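Following: one structure in C-alpha coordinates, then a few remarks.
The values are calculated or read from the model by the stated rules, or taken from the named source; none is laboratory data. For clarity, every value in this text was computed on a predicted model and none was experimentally measured. Surface areas here come from the heavy atoms of the whole protein model, side chains and all, with no ligands, DNA or RNA. Shrake-Rupley method; radii C 1.70, N 1.55, O 1.52, S 1.80 Å.
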Amino acid sequence: MRIFAIGAGGGGGGGAHSTAGGGGGAGGISYKTFANPSGTVSYTIGNGGSGQNGLADGGSGENTVVTFGATTLTGNGGGGGIYMGNGGAGGSYSGGDAGQPGGSGAMWYSLGSGGAFGGGGGGFNNSAIANTQTAIGATGYDIEHLMLISNSISNIPFSPAGVGYGPHSPGTNGTAHGGNSYAIGAGGGGAGWFGGNGGNGYLGGGGGGAAGWHSQGQGGAGGSGFVVIVCKYNNLIPAEYDPDAYRFIEKAQITDQNEKTAINTLVNSLKYYNLWAKFNLIYPMIGNTSFAKSVNLKSVDSHILTHKNTASATIDTPDNINSVKGITNTQYLDSNFNSNNLSSSSVHLSVYAQNTASIRNYEITSAALGTLEIITKWNDDNTWYAMYFSERYRPSLGGDGFYCLTQDTGSFKFYRAGVEITGTSSVPGTTPTSGNILINRTSGPISRELSFATVGSYLTPTEVENLNNVIQEFQTALGRQV
(Lines give C-alpha, C1' and ligand atoms only; values in the text may rest on other atoms or scores of the structure.)
Protein backbone atom coordinates (compact mmCIF):
# COMPACT_ATOMS: atom_id res chain seq x y z
CA MET A 1 0.00 0.00 0.00
CA ARG A 2 1.20 3.51 -0.75
CA ILE A 3 -0.17 6.68 0.87
CA PHE A 4 0.17 10.17 -0.59
CA ALA A 5 -0.38 13.43 1.33
CA ILE A 6 -0.77 16.51 -0.89
CA GLY A 7 -0.80 20.01 0.52
CA ALA A 8 -3.26 22.68 -0.53
CA GLY A 9 -2.42 25.33 -3.10
CA GLY A 10 -1.85 28.94 -2.21
CA GLY A 11 -4.27 31.65 -3.29
CA GLY A 12 -3.52 34.18 -5.98
CA GLY A 13 -2.48 37.73 -5.16
CA GLY A 14 -4.85 40.62 -5.79
CA GLY A 15 -4.63 43.31 -8.41
CA ALA A 16 -5.55 46.98 -8.74
CA HIS A 17 -5.14 49.74 -11.37
CA SER A 18 -2.35 48.65 -13.75
CA THR A 19 -1.08 46.16 -11.21
CA ALA A 20 -1.51 42.46 -10.58
CA GLY A 21 -0.65 39.67 -8.19
CA GLY A 22 1.51 36.61 -8.46
CA GLY A 23 0.00 33.15 -8.68
CA GLY A 24 -0.20 30.85 -5.66
CA GLY A 25 2.19 27.95 -5.24
CA ALA A 26 1.11 24.32 -5.43
CA GLY A 27 1.11 22.02 -2.42
CA GLY A 28 3.93 19.57 -1.80
CA ILE A 29 3.54 15.80 -2.08
CA SER A 30 4.83 13.25 0.43
CA TYR A 31 4.39 9.51 0.07
CA LYS A 32 5.39 6.25 1.72
CA THR A 33 5.05 2.56 0.89
CA PHE A 34 3.84 0.03 3.48
CA ALA A 35 4.64 -3.64 2.83
CA ASN A 36 2.07 -5.37 5.07
CA PRO A 37 -0.35 -2.64 6.11
CA SER A 38 -2.65 -3.03 9.08
CA GLY A 39 -4.38 -0.32 11.05
CA THR A 40 -6.36 2.89 10.66
CA VAL A 41 -5.41 5.87 8.51
CA SER A 42 -6.13 9.26 10.07
CA TYR A 43 -5.69 12.55 8.23
CA THR A 44 -6.26 16.28 8.15
CA ILE A 45 -6.78 17.81 4.71
CA GLY A 46 -5.51 21.33 4.19
CA ASN A 47 -7.77 24.08 2.89
CA GLY A 48 -6.73 26.01 -0.17
CA GLY A 49 -5.38 29.52 0.32
CA SER A 50 -7.83 32.32 -0.31
CA GLY A 51 -7.41 34.52 -3.35
CA GLN A 52 -7.10 38.20 -2.42
CA ASN A 53 -8.84 41.23 -3.81
CA GLY A 54 -7.00 44.43 -4.52
CA LEU A 55 -3.75 45.35 -2.88
CA ALA A 56 -3.10 42.16 -0.92
CA ASP A 57 -1.14 38.94 -1.03
CA GLY A 58 -2.88 35.61 -1.53
CA GLY A 59 -3.36 33.33 1.45
CA SER A 60 -1.11 30.31 1.96
CA GLY A 61 -2.47 26.82 1.50
CA GLU A 62 -2.72 24.63 4.57
CA ASN A 63 -0.78 21.45 5.20
CA THR A 64 -2.25 18.00 4.65
CA VAL A 65 -1.17 15.53 7.34
CA VAL A 66 -1.67 11.75 7.28
CA THR A 67 -0.86 9.39 10.15
CA PHE A 68 -0.64 5.62 9.76
CA GLY A 69 0.90 3.64 12.59
CA ALA A 70 4.15 5.32 13.61
CA THR A 71 4.41 7.25 10.33
CA THR A 72 3.29 10.83 9.76
CA LEU A 73 3.30 12.23 6.23
CA THR A 74 3.03 15.94 5.56
CA GLY A 75 2.38 17.70 2.28
CA ASN A 76 2.94 21.37 3.05
CA GLY A 77 0.67 23.98 1.56
CA GLY A 78 1.86 26.31 -1.17
CA GLY A 79 2.54 29.96 -0.50
CA GLY A 80 0.16 32.72 -1.54
CA GLY A 81 0.92 34.90 -4.54
CA ILE A 82 2.44 38.31 -3.75
CA TYR A 83 0.78 41.52 -4.82
CA MET A 84 3.05 43.10 -7.45
CA GLY A 85 5.57 40.39 -6.69
CA ASN A 86 6.59 36.82 -7.12
CA GLY A 87 4.33 33.85 -7.21
CA GLY A 88 3.96 31.84 -4.04
CA ALA A 89 6.60 29.22 -3.31
CA GLY A 90 5.62 25.62 -3.83
CA GLY A 91 4.99 23.60 -0.70
CA SER A 92 7.62 21.23 0.66
CA TYR A 93 7.08 17.72 2.04
CA SER A 94 8.26 15.52 4.91
CA GLY A 95 7.90 12.17 6.63
CA GLY A 96 7.73 9.73 3.75
CA ASP A 97 10.00 7.66 1.54
CA ALA A 98 10.12 10.48 -0.99
CA GLY A 99 7.95 13.15 -2.56
CA GLN A 100 7.77 16.20 -4.81
CA PRO A 101 7.74 19.91 -3.99
CA GLY A 102 4.87 21.91 -5.38
CA GLY A 103 5.52 24.18 -8.32
CA SER A 104 5.89 27.87 -7.57
CA GLY A 105 3.42 30.34 -8.99
CA ALA A 106 4.41 32.87 -11.64
CA MET A 107 5.09 36.48 -10.75
CA TRP A 108 2.87 39.22 -12.05
CA TYR A 109 3.75 40.60 -15.46
CA SER A 110 3.62 44.35 -16.08
CA LEU A 111 2.76 45.97 -19.40
CA GLY A 112 3.42 49.44 -18.05
CA SER A 113 0.50 51.85 -17.92
CA GLY A 114 -1.52 49.71 -20.28
CA GLY A 115 -2.23 46.96 -17.77
CA ALA A 116 -0.73 43.85 -16.25
CA PHE A 117 -1.10 40.07 -16.34
CA GLY A 118 -1.77 38.16 -13.17
CA GLY A 119 0.69 35.36 -12.49
CA GLY A 120 -0.42 31.84 -13.24
CA GLY A 121 -0.94 29.48 -10.33
CA GLY A 122 1.61 26.83 -9.53
CA GLY A 123 1.14 23.15 -10.31
CA PHE A 124 2.88 19.99 -9.15
CA ASN A 125 6.61 20.22 -9.76
CA ASN A 126 6.26 22.96 -12.37
CA SER A 127 6.71 26.68 -12.28
CA ALA A 128 3.90 28.75 -13.76
CA ILE A 129 4.53 30.97 -16.75
CA ALA A 130 3.02 34.10 -18.19
CA ASN A 131 3.43 35.79 -21.53
CA THR A 132 2.02 38.65 -23.53
CA GLN A 133 -0.81 36.55 -24.92
CA THR A 134 -2.11 34.67 -21.91
CA ALA A 135 -1.26 34.07 -18.31
CA ILE A 136 -1.08 30.31 -18.15
CA GLY A 137 -1.28 28.27 -14.96
CA ALA A 138 1.47 25.75 -14.44
CA THR A 139 1.12 22.49 -16.27
CA GLY A 140 -0.26 20.10 -13.72
CA TYR A 141 2.43 17.59 -12.78
CA ASP A 142 0.95 14.28 -13.71
CA ILE A 143 0.76 12.68 -10.31
CA GLU A 144 0.22 9.37 -12.07
CA HIS A 145 3.97 9.29 -12.68
CA LEU A 146 4.45 9.09 -8.94
CA MET A 147 1.96 6.27 -8.74
CA LEU A 148 2.98 4.07 -11.64
CA ILE A 149 5.05 1.91 -9.33
CA SER A 150 1.90 1.40 -7.29
CA ASN A 151 -0.13 0.48 -10.37
CA SER A 152 -2.31 2.93 -12.24
CA ILE A 153 -5.37 4.56 -10.79
CA SER A 154 -8.58 4.99 -12.71
CA ASN A 155 -11.61 7.24 -12.34
CA ILE A 156 -9.58 10.22 -11.07
CA PRO A 157 -9.13 13.24 -13.38
CA PHE A 158 -5.39 13.22 -14.02
CA SER A 159 -3.94 15.27 -16.80
CA PRO A 160 -0.37 15.69 -18.01
CA ALA A 161 -1.25 19.15 -19.25
CA GLY A 162 -4.14 20.44 -17.22
CA VAL A 163 -3.96 24.23 -17.22
CA GLY A 164 -6.05 27.22 -16.34
CA TYR A 165 -5.54 30.28 -18.50
CA GLY A 166 -6.60 33.86 -19.02
CA PRO A 167 -7.76 34.57 -22.57
CA HIS A 168 -6.26 37.51 -24.41
CA SER A 169 -9.57 38.93 -25.60
CA PRO A 170 -11.36 41.28 -23.20
CA GLY A 171 -14.36 40.04 -21.32
CA THR A 172 -17.19 41.95 -19.64
CA ASN A 173 -16.21 45.56 -18.98
CA GLY A 174 -12.84 44.95 -20.54
CA THR A 175 -11.82 42.17 -18.18
CA ALA A 176 -10.28 38.79 -18.93
CA HIS A 177 -10.54 36.30 -16.12
CA GLY A 178 -8.04 33.52 -15.65
CA GLY A 179 -9.46 30.12 -16.34
CA ASN A 180 -10.14 27.61 -13.58
CA SER A 181 -8.17 24.40 -13.64
CA TYR A 182 -9.81 20.98 -13.55
CA ALA A 183 -6.81 18.67 -13.55
CA ILE A 184 -5.15 17.19 -10.48
CA GLY A 185 -2.47 19.58 -9.28
CA ALA A 186 -2.89 22.18 -12.02
CA GLY A 187 -2.70 25.88 -11.19
CA GLY A 188 -5.35 28.43 -12.07
CA GLY A 189 -4.74 30.94 -14.85
CA GLY A 190 -3.68 34.51 -14.22
CA ALA A 191 -5.95 37.34 -15.25
CA GLY A 192 -5.49 38.94 -18.66
CA TRP A 193 -3.98 42.41 -19.18
CA PHE A 194 -7.35 44.15 -19.31
CA GLY A 195 -7.79 43.12 -15.70
CA GLY A 196 -9.86 40.42 -14.08
CA ASN A 197 -9.85 37.63 -11.57
CA GLY A 198 -7.37 34.78 -11.36
CA GLY A 199 -8.56 31.25 -11.98
CA ASN A 200 -8.92 28.70 -9.21
CA GLY A 201 -6.41 25.92 -8.84
CA TYR A 202 -7.62 22.33 -8.74
CA LEU A 203 -6.72 19.86 -5.98
CA GLY A 204 -3.29 20.88 -4.75
CA GLY A 205 -2.78 23.55 -7.43
CA GLY A 206 -2.22 27.23 -6.72
CA GLY A 207 -4.70 29.95 -7.60
CA GLY A 208 -4.01 32.39 -10.43
CA GLY A 209 -3.12 36.01 -9.74
CA ALA A 210 -5.56 38.86 -10.35
CA ALA A 211 -5.01 41.88 -12.53
CA GLY A 212 -6.50 45.37 -12.28
CA TRP A 213 -7.04 48.12 -14.75
CA HIS A 214 -10.08 50.23 -13.98
CA SER A 215 -11.00 48.18 -10.96
CA GLN A 216 -9.57 45.70 -8.52
CA GLY A 217 -9.24 42.00 -9.32
CA GLN A 218 -9.70 38.91 -7.20
CA GLY A 219 -6.96 36.30 -7.05
CA GLY A 220 -7.99 32.71 -7.65
CA ALA A 221 -8.40 30.32 -4.74
CA GLY A 222 -5.85 27.61 -4.17
CA GLY A 223 -6.97 24.05 -4.62
CA SER A 224 -7.72 21.96 -1.54
CA GLY A 225 -5.21 19.43 -0.32
CA PHE A 226 -6.05 15.75 -0.68
CA VAL A 227 -5.02 12.24 0.28
CA VAL A 228 -4.55 9.24 -2.01
CA ILE A 229 -4.27 5.65 -0.79
CA VAL A 230 -3.13 3.18 -3.43
CA CYS A 231 -3.25 -0.58 -2.99
CA LYS A 232 -1.79 -2.94 -5.54
CA TYR A 233 -4.43 -5.34 -6.75
CA ASN A 234 -2.31 -8.35 -5.90
CA ASN A 235 -2.09 -7.17 -2.32
CA LEU A 236 -5.85 -7.04 -1.98
CA ILE A 237 -7.31 -10.37 -0.92
CA PRO A 238 -10.94 -10.92 -1.94
CA ALA A 239 -13.16 -11.69 1.04
CA GLU A 240 -14.08 -15.13 -0.26
CA TYR A 241 -10.47 -16.36 -0.20
CA ASP A 242 -8.25 -17.48 2.64
CA PRO A 243 -5.12 -15.24 2.55
CA ASP A 244 -2.72 -18.20 2.25
CA ALA A 245 -4.77 -19.70 -0.55
CA TYR A 246 -4.90 -16.42 -2.42
CA ARG A 247 -1.17 -15.85 -2.10
CA PHE A 248 -0.63 -19.27 -3.70
CA ILE A 249 -3.12 -18.50 -6.49
CA GLU A 250 -1.30 -15.27 -7.27
CA LYS A 251 2.18 -16.80 -7.07
CA ALA A 252 1.32 -19.83 -9.21
CA GLN A 253 -0.72 -17.65 -11.57
CA ILE A 254 -3.75 -19.90 -11.34
CA THR A 255 -6.51 -18.58 -13.60
CA ASP A 256 -8.98 -21.47 -13.74
CA GLN A 257 -11.84 -20.79 -11.34
CA ASN A 258 -12.31 -24.44 -10.42
CA GLU A 259 -8.64 -24.70 -9.46
CA LYS A 260 -8.87 -21.49 -7.42
CA THR A 261 -11.87 -22.84 -5.53
CA ALA A 262 -10.14 -26.19 -4.96
CA ILE A 263 -7.05 -24.50 -3.46
CA ASN A 264 -9.18 -22.29 -1.24
CA THR A 265 -11.17 -25.27 0.03
CA LEU A 266 -7.95 -27.21 0.59
CA VAL A 267 -6.41 -24.51 2.78
CA ASN A 268 -9.63 -23.97 4.74
CA SER A 269 -9.93 -27.71 5.37
CA LEU A 270 -6.32 -28.07 6.53
CA LYS A 271 -6.85 -25.22 8.97
CA TYR A 272 -10.20 -26.60 10.12
CA TYR A 273 -8.52 -29.89 11.13
CA ASN A 274 -5.61 -28.00 12.73
CA LEU A 275 -3.21 -29.49 10.21
CA TRP A 276 -1.82 -26.29 8.66
CA ALA A 277 0.84 -25.78 11.33
CA LYS A 278 2.06 -29.36 10.82
CA PHE A 279 3.66 -28.66 7.44
CA ASN A 280 6.94 -27.26 6.20
CA LEU A 281 6.18 -28.12 2.58
CA ILE A 282 2.89 -28.57 0.72
CA TYR A 283 2.99 -29.19 -3.03
CA PRO A 284 -0.54 -29.34 -4.53
CA MET A 285 0.98 -29.77 -8.02
CA ILE A 286 -1.79 -27.78 -9.66
CA GLY A 287 -1.85 -25.51 -12.69
CA ASN A 288 -0.88 -25.79 -16.34
CA THR A 289 2.79 -24.80 -16.09
CA SER A 290 5.78 -26.49 -14.53
CA PHE A 291 6.32 -23.45 -12.32
CA ALA A 292 2.76 -23.57 -10.97
CA LYS A 293 3.20 -27.23 -10.02
CA SER A 294 6.41 -26.34 -8.21
CA VAL A 295 5.09 -23.71 -5.78
CA ASN A 296 5.07 -24.50 -2.06
CA LEU A 297 1.60 -23.73 -0.73
CA LYS A 298 2.83 -23.39 2.85
CA SER A 299 5.28 -20.60 1.98
CA VAL A 300 4.94 -19.46 -1.62
CA ASP A 301 8.25 -17.61 -1.79
CA SER A 302 10.43 -20.42 -0.46
CA HIS A 303 11.31 -24.01 -1.37
CA ILE A 304 9.92 -23.86 -4.89
CA LEU A 305 10.72 -27.14 -6.62
CA THR A 306 13.78 -27.05 -8.85
CA HIS A 307 13.67 -29.27 -11.91
CA LYS A 308 16.98 -31.08 -11.98
CA ASN A 309 18.46 -32.08 -15.34
CA THR A 310 15.47 -31.02 -17.46
CA ALA A 311 12.89 -32.88 -15.39
CA SER A 312 10.55 -29.98 -16.18
CA ALA A 313 10.25 -31.32 -19.73
CA THR A 314 8.01 -34.06 -18.37
CA ILE A 315 5.71 -31.75 -16.46
CA ASP A 316 3.92 -29.80 -19.16
CA THR A 317 3.13 -32.61 -21.55
CA PRO A 318 -0.61 -33.10 -22.23
CA ASP A 319 -0.80 -36.58 -20.71
CA ASN A 320 0.26 -35.42 -17.25
CA ILE A 321 -1.02 -31.91 -16.99
CA ASN A 322 -2.29 -32.61 -13.47
CA SER A 323 0.78 -34.40 -12.14
CA VAL A 324 4.56 -34.47 -12.13
CA LYS A 325 6.89 -37.22 -13.27
CA GLY A 326 10.52 -38.17 -13.18
CA ILE A 327 12.32 -39.81 -16.09
CA THR A 328 15.54 -41.25 -14.67
CA ASN A 329 17.40 -41.08 -11.39
CA THR A 330 19.21 -38.00 -12.70
CA GLN A 331 15.95 -36.17 -13.43
CA TYR A 332 13.86 -35.28 -10.42
CA LEU A 333 12.43 -32.41 -8.40
CA ASP A 334 14.48 -30.81 -5.63
CA SER A 335 12.63 -29.02 -2.82
CA ASN A 336 15.77 -27.15 -1.72
CA PHE A 337 14.64 -27.99 1.82
CA ASN A 338 17.33 -29.76 3.82
CA SER A 339 16.18 -32.67 5.93
CA ASN A 340 18.36 -31.45 8.80
CA ASN A 341 15.58 -28.89 9.40
CA LEU A 342 13.38 -31.78 10.55
CA SER A 343 13.44 -33.61 13.88
CA SER A 344 13.57 -37.38 14.29
CA SER A 345 11.14 -37.01 17.21
CA SER A 346 8.43 -35.43 15.04
CA VAL A 347 8.36 -35.86 11.27
CA HIS A 348 6.21 -37.02 8.39
CA LEU A 349 6.38 -37.46 4.62
CA SER A 350 3.37 -37.97 2.35
CA VAL A 351 2.65 -38.34 -1.36
CA TYR A 352 -0.40 -38.90 -3.56
CA ALA A 353 0.27 -41.15 -6.56
CA GLN A 354 -1.79 -41.08 -9.74
CA ASN A 355 -0.76 -44.47 -11.08
CA THR A 356 0.88 -47.77 -10.17
CA ALA A 357 4.67 -47.89 -10.16
CA SER A 358 6.14 -50.19 -12.79
CA ILE A 359 9.80 -49.88 -11.77
CA ARG A 360 11.81 -48.78 -8.73
CA ASN A 361 10.66 -45.31 -7.73
CA TYR A 362 11.58 -42.98 -4.88
CA GLU A 363 8.34 -41.00 -4.54
CA ILE A 364 9.89 -38.81 -1.84
CA THR A 365 13.33 -39.12 -0.30
CA SER A 366 16.25 -37.31 1.21
CA ALA A 367 19.32 -36.85 -0.97
CA ALA A 368 21.07 -38.94 1.70
CA LEU A 369 19.45 -42.17 0.56
CA GLY A 370 18.19 -44.56 3.22
CA THR A 371 17.44 -41.80 5.72
CA LEU A 372 13.95 -40.47 4.87
CA GLU A 373 12.10 -42.12 2.06
CA ILE A 374 8.96 -43.69 0.65
CA ILE A 375 9.68 -46.19 -2.13
CA THR A 376 6.45 -47.83 -3.22
CA LYS A 377 8.20 -50.31 -5.50
CA TRP A 378 11.77 -51.56 -5.16
CA ASN A 379 13.60 -53.94 -7.49
CA ASP A 380 12.45 -56.88 -5.35
CA ASP A 381 8.84 -55.70 -5.81
CA ASN A 382 8.61 -54.73 -2.13
CA THR A 383 7.55 -51.34 -0.75
CA TRP A 384 10.33 -49.78 1.33
CA TYR A 385 10.13 -46.94 3.80
CA ALA A 386 12.73 -45.45 6.11
CA MET A 387 13.10 -42.92 8.92
CA TYR A 388 16.56 -41.94 10.03
CA PHE A 389 18.16 -45.22 8.92
CA SER A 390 15.46 -47.31 10.55
CA GLU A 391 14.32 -49.05 7.39
CA ARG A 392 11.41 -51.42 6.78
CA TYR A 393 9.68 -53.06 3.84
CA ARG A 394 6.38 -54.72 3.01
CA PRO A 395 5.24 -56.84 0.10
CA SER A 396 4.56 -54.54 -2.79
CA LEU A 397 2.08 -51.74 -2.11
CA GLY A 398 3.00 -50.04 -5.34
CA GLY A 399 -0.53 -48.95 -6.14
CA ASP A 400 -1.97 -45.49 -6.47
CA GLY A 401 -3.44 -43.18 -3.81
CA PHE A 402 -2.22 -41.52 -0.63
CA TYR A 403 0.84 -42.72 1.32
CA CYS A 404 2.09 -41.26 4.60
CA LEU A 405 5.08 -42.13 6.74
CA THR A 406 5.31 -40.50 10.17
CA GLN A 407 7.44 -40.83 13.30
CA ASP A 408 7.53 -39.59 16.87
CA THR A 409 9.67 -40.67 19.81
CA GLY A 410 7.80 -43.96 20.23
CA SER A 411 7.49 -45.49 16.77
CA PHE A 412 7.20 -44.81 13.09
CA LYS A 413 4.18 -45.93 11.10
CA PHE A 414 3.27 -46.29 7.46
CA TYR A 415 -0.22 -45.50 6.09
CA ARG A 416 -2.01 -45.94 2.82
CA ALA A 417 -5.31 -44.16 2.09
CA GLY A 418 -5.37 -42.97 5.72
CA VAL A 419 -5.20 -46.46 7.23
CA GLU A 420 -2.13 -47.86 8.99
CA ILE A 421 -0.66 -50.82 7.17
CA THR A 422 -0.60 -53.72 9.62
CA GLY A 423 2.82 -54.60 10.98
CA THR A 424 4.59 -51.47 9.77
CA SER A 425 5.09 -49.91 13.20
CA SER A 426 8.75 -50.01 14.12
CA VAL A 427 11.36 -48.59 16.46
CA PRO A 428 12.12 -45.06 15.29
CA GLY A 429 15.54 -44.19 13.92
CA THR A 430 17.54 -41.34 15.40
CA THR A 431 20.69 -41.19 13.27
CA PRO A 432 21.16 -37.56 12.13
CA THR A 433 20.66 -36.93 8.45
CA SER A 434 21.32 -34.18 5.96
CA GLY A 435 20.36 -33.67 2.35
CA ASN A 436 17.60 -31.97 0.39
CA ILE A 437 14.15 -33.55 0.14
CA LEU A 438 13.73 -34.87 -3.42
CA ILE A 439 10.51 -35.82 -5.17
CA ASN A 440 9.87 -38.53 -7.77
CA ARG A 441 13.34 -39.85 -8.34
CA THR A 442 12.99 -42.95 -10.48
CA SER A 443 15.47 -45.50 -11.78
CA GLY A 444 14.24 -45.96 -15.30
CA PRO A 445 11.92 -44.63 -18.01
CA ILE A 446 8.92 -42.52 -17.06
CA SER A 447 7.05 -44.20 -14.25
CA ARG A 448 5.28 -42.74 -11.25
CA GLU A 449 2.95 -39.72 -11.56
CA LEU A 450 2.45 -37.69 -8.39
CA SER A 451 -0.15 -35.01 -7.70
CA PHE A 452 0.49 -34.05 -4.06
CA ALA A 453 3.33 -34.15 -1.53
CA THR A 454 3.89 -32.85 2.00
CA VAL A 455 6.70 -32.75 4.55
CA GLY A 456 6.37 -31.69 8.15
CA SER A 457 6.00 -32.79 11.76
CA TYR A 458 4.47 -35.92 13.31
CA LEU A 459 0.84 -36.80 12.51
CA THR A 460 -1.40 -38.81 14.79
CA PRO A 461 -3.55 -41.61 13.29
CA THR A 462 -6.56 -39.26 13.31
CA GLU A 463 -4.56 -36.51 11.63
CA VAL A 464 -3.36 -38.92 8.93
CA GLU A 465 -6.94 -39.97 8.29
CA ASN A 466 -8.08 -36.34 8.10
CA LEU A 467 -5.22 -35.42 5.79
CA ASN A 468 -6.11 -38.30 3.48
CA ASN A 469 -9.74 -37.14 3.35
CA VAL A 470 -8.78 -33.51 2.68
CA ILE A 471 -6.38 -34.44 -0.12
CA GLN A 472 -8.89 -36.88 -1.63
CA GLU A 473 -11.51 -34.12 -1.61
CA PHE A 474 -9.02 -31.82 -3.35
CA GLN A 475 -8.21 -34.40 -6.01
CA THR A 476 -11.90 -35.12 -6.59
CA ALA A 477 -12.62 -31.42 -7.11
CA LEU A 478 -9.99 -31.45 -9.85
CA GLY A 479 -11.19 -34.68 -11.41
CA ARG A 480 -7.91 -36.51 -10.74
CA GLN A 481 -8.87 -38.70 -7.77
CA VAL A 482 -7.89 -42.38 -7.67
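Rank these by accessible area, largest first, 1.4 Å probe: Ser350, Ser457.
Details: Ser350 0, Ser457 30 Å².
Largest accessible area first, the list is Ser457, Ser350.
State, as an integer percentage, the relative contact order of segment 32-124 based on alpha-carbon contacts under 8 Å between residues 6 or more apart. Working shown, then result.
Numbers: 219 pairs, mean separation 18.2, N = 93.
Result for segment 32-124 is 20 percent.
Under a 1.4 angstrom probe, counting protein chains only, how are Thr365, Thr74, Thr44, Thr460 ranked by accessible area, largest first?
Values: Thr365 0, Thr74 25, Thr44 85, Thr460 50 Å².
Ranked from most to least accessible, the order is Thr44, Thr460, Thr74, Thr365.
Taking H placed 1.01 Å from N in the peptide plane, check which residues at least 5 places from Gly49 or on another chain put their amide H under 5 Å from its amide H.
Gly9, Gly10, Gly11, Gly61, Glu62, Gly222
Heavy-atom accessible area of Ile229 with all protein chains present, probe 1.4 Å, nearest 10 Å²?
80
Using only the heavy atoms of the protein chains and a 1.4 Å probe, how would Tyr272, Tyr415 rank by accessible area, largest first?
Working: Tyr272 165, Tyr415 5 Å².
Ranked from most to least accessible, the order is Tyr272, Tyr415.
Over 20 Å between C-alpha atoms is what I'm after, so list which of Lys32/Lys298; Lys271/Lys413; Lys278/Lys298; Lys271/Lys293; Lys251/Lys293; Lys260/Lys298 land there.
Values: Lys32/Lys298 30 Å; Lys271/Lys413 24 Å; Lys278/Lys298 10 Å; Lys271/Lys293 22 Å; Lys251/Lys293 11 Å; Lys260/Lys298 16 Å.
From the list (Lys32/Lys298; Lys271/Lys413; Lys278/Lys298; Lys271/Lys293; Lys251/Lys293; Lys260/Lys298), the Cα-Cα distance tops 20 Å for Lys32/Lys298; Lys271/Lys413; Lys271/Lys293.
Please work out the average accessible area per residue across segment 1-92, using the 1.4 Å probe convention, and give it in Å². Show your work: numbers first, answer last.
Numbers: 3170 Å² over 92 residues.
Spelled out: the 1.4 Å probe surface of segment 1-92, per residue, equals 34 Å².
Given a 1.4 angstrom probe, I'd like the percentage of the accessible area of segment 1-70 that is carbon and sulfur, rounded to a whole number.
Numbers: 1140 of 2480 Å².
Carbon and sulfur atoms account for 46 percent of the accessible area of segment 1-70.
Give the separation of the Cα centroids, segment 56-94 to segment 245-284, in Å.
Distance between centres, Cα-based: 49 Å.
At 1.4 Å probe size, with every protein chain present, just tell me what the per residue accessible area of segment 261-305 comes to in Å². List each step's numbers first, then the result.
Working: 1620 Å² over 45 residues.
On a per-residue basis, segment 261-305 sits at 36 Å².
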